[in-house]
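Data block below; observations after.
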2 protein chains.
Amino acid sequence: MSYIDFMLPLSDKRIMENRRADHILDDLEQMIVTGSFANGERLDEIRLADHFGVSRTPIREAFQKLASTGLVEHRPRRGVFVVEPGPLELVKMFEAMAELEASCGHLTAKRITEPELDALKQVNDLCKQAVVKNDADRYYGYNEKFHHLIYEAAKSSYLQGLAIKLQKRLKPYRRMQLHLRGRLEQSMSEHEAIVSALSAGDSTSAADELRGHVAVQGEKFHHLLTHLHAKS
Amino acid sequence: MSYIDFMLPLSDKRIMENRRADHILDDLEQMIVTGSFANGERLDEIRLADHFGVSRTPIREAFQKLASTGLVEHRPRRGVFVVEPGPLELVKMFEAMAELEASCGHLTAKRITEPELDALKQVNDLCKQAVVKNDADRYYGYNEKFHHLIYEAAKSSYLQGLAIKLQKRLKPYRRMQLHLRGRLEQSMSEHEAIVSALSAGDSTSAADELRGHVAVQGEKFHHLLTHLHAKS
DNA sequence: ATAGGACATATTGTATACAAGAAACTTGAC
DNA sequence: GTCAAGTTTCTTGTATACAATATGTCCTAT
């Protein structure tokens, strides 16, 4: 895909706002995630600098931050290249996500307060309503909130940070899972099990339920593969 | 602490080797970890540039990488400041470490191969020998190897990466508490329990043992801290 | 015709110059 | 004497110039 393609939709917005370094990073991130670049494509400092109307320096700074999140890889004296994780990497990442969720669940089950539990149930009800309406997008939003509440209630800031970071990284891949037929209902019943384990303060069960909920296995895995293959 | 203090011991080595960007990063990391800077101290770009004999540009690059690992904090238009995590943060980090280890253990118990198990037992024997000799430094080294083997055997590259990264971050703090009386023996018996759980393929038990093994380090450290704090 | 090497080009990495913002200092008023 | 506003100085952030290295091309020799 050429640079022209992705420049057009964004350039309008860019001109309106004042372009600051953070925006450059966010935009680059967005471009990579939404697939504006081919897989192993090299990100051209000069062209991007032109595009954003800045010099190479801020672009290079953004590159480094992107590299630290794993979205791009920096090969010395070669440049930075977008890293679309392959099926294997993705499975590993989902596996790690499942473990992080399990860990949060483990702690949360012991530490969640009544108000937090109430909030969680409330969000879960919103999830349920979305399922009834078969509204995958709304479910997606509330589901995210649901999980973030669990991270928060673990009261382990560092772990929470890890979970949020990886969750964000996996966002684009997670989303496509939800459109699997019947997945909404299944996900919802898993939520119920999670909530009841947390209510009961059963940390082992909460961890297991969360791990299973997030893990990519069986049909989900197959779905992920075919979807990935379809993109390229 | 002034710049002069830390410049002297390092400047000799620097002049010998060819100074490349990676070395700058490593050195800065080392300086921060070994406490060459005061806690909230601002890292002066120009002085450091002079010190390393380079311009500000590579220094700023190193700063960004340091910021991404959490060793320093970047405040826009202010500079970068060293972040010594407080007792609370450290406890949270140890807690996260415990959970990461538990996660690795959970997977490793199911996935470890015979050769890997053999290697693990072998390293564990070396640990045991170090305990007998009451050699904390050797124990420290083999203990690290022991844990790294477990991460590796989990065959979950992303999780392994997280574990290694945090382990590295906690290194300076972990080291302190090994010199506590009786800790070596206790740690060793925990190792035995971990190995036997892994041998048996008991993922739940392996996870719990590893969590406990690391968590106790965090607690010991916490005690150590409060004790130190009481003095000053 | 192909392989290998020298040259030309392009791109990254580093240094320096410049701009913009924050801290520090001076000066003046109360 | 203290506080505040204006000015100066210092520091970060950005642009540009330069150096070093990788890549691509062309020519030659086998």
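Restricted to the range A:71-91, and to residues there that are within 10 Å of chain B (Cβ to nearest Cβ) and not in a helix (DSSP H, G or I), the residue that is nearest to DNA strand C (Cβ to nearest atom) is A:76.
Residues in the range A:46-70 that are in a helix (DSSP H, G or I), more than 14 Å from chain B (Cβ to nearest Cβ) and within 13 Å of DNA strand D (Cβ to nearest atom): A:46, A:48, A:49, A:50, A:51, A:52. Are any of the residues in the range A:125-142 of a type in the set (Val, Ile, Thr) and either surrounded by 15 or more Cβ atoms within 10 Å (Cβ to Cβ) or closer than 15 Å to residue A:171 by Cα (or both)? Yes - at least one qualifying residue is present in the range A:125-142. Can you confirm whether residue A:82 is farther than 30 Å from residue A:156 by Cβ and modelled with pLDDT of 95 or more? Taking the combined requirement at face value, the residue satisfies it. Taken over the range A:71-95, the criterion of being in contact with a helix residue (DSSP H, G or I) (Cβ under 7 Å, 6 or more places away or on another chain) and closer than 25 Å to residue B:21 by Cα is satisfied by A:71, A:72, A:73, A:74, A:80, A:82.
Kindly check whether there is at least one residue in the range B:165-182 that is within 18 Å of the chain's Cα centre (by Cα) and free of Cβ contacts under 8 Å to residues at least 24 places away in the same chain. Checking the range B:165-182: at least one residue is within 18 Å of the chain's Cα centre (by Cα) and free of Cβ contacts under 8 Å to residues at least 24 places away in the same chain.
Considering only residues in the range B:57-70 that are within 14 Å of residue B:42 (Cβ to Cβ) and under 17 Å from the mean Cα position of the chain (by Cα), the one that is farthest from DNA strand C (Cβ to nearest atom) turns out to be B:67.
Scan the range A:99-138 for residues that are part of a helix (DSSP H, G or I) and either away from every other protein chain (no Cβ under 14 Å) or of a type in the set (Lys, Arg) (or both) and the total you get is 24.
Scanning the range A:191-232 for residues that are of a type in the set (Ser, Thr, Tyr) and surrounded by 16 or more Cβ atoms within 10 Å (Cβ to Cβ) returns A:203, A:205. Taking the conditions (1) away from every other protein chain (no Cβ under 14 Å); (2) within 16 Å of DNA strand C (Cβ to nearest atom); (3) surrounded by fewer than 17 Cβ atoms within 10 Å (Cβ to Cβ); (4) assigned to a helix (DSSP H, G or I) in turn, residue A:38 satisfies each one other than (4). Could you tell me which of the residues A:49, A:98, A:109 is out of contact with any Ser or Thr (no Cβ under 7 Å at 6 or more places or on another chain), modelled with pLDDT of 95 or more and not basic (Lys, Arg)? Checking each option against the conditions leaves just A:98. Scanning the range A:71-105 for residues that are among the basic types (Lys, Arg) and either within 16 Å of DNA strand D (Cβ to nearest atom) or not assigned by TED's automatic domain parsing to the domain that holds residue A:159 (or both) gives A:75, A:77, A:78.
The values are calculated or read from the model by the stated rules, or taken from the named source; none is laboratory data. All values derive from a computational prediction rather than experimental measurement. Cβ atoms come from the backbone with ideal geometry, glycine included; neighbour counts cover every protein chain shown.
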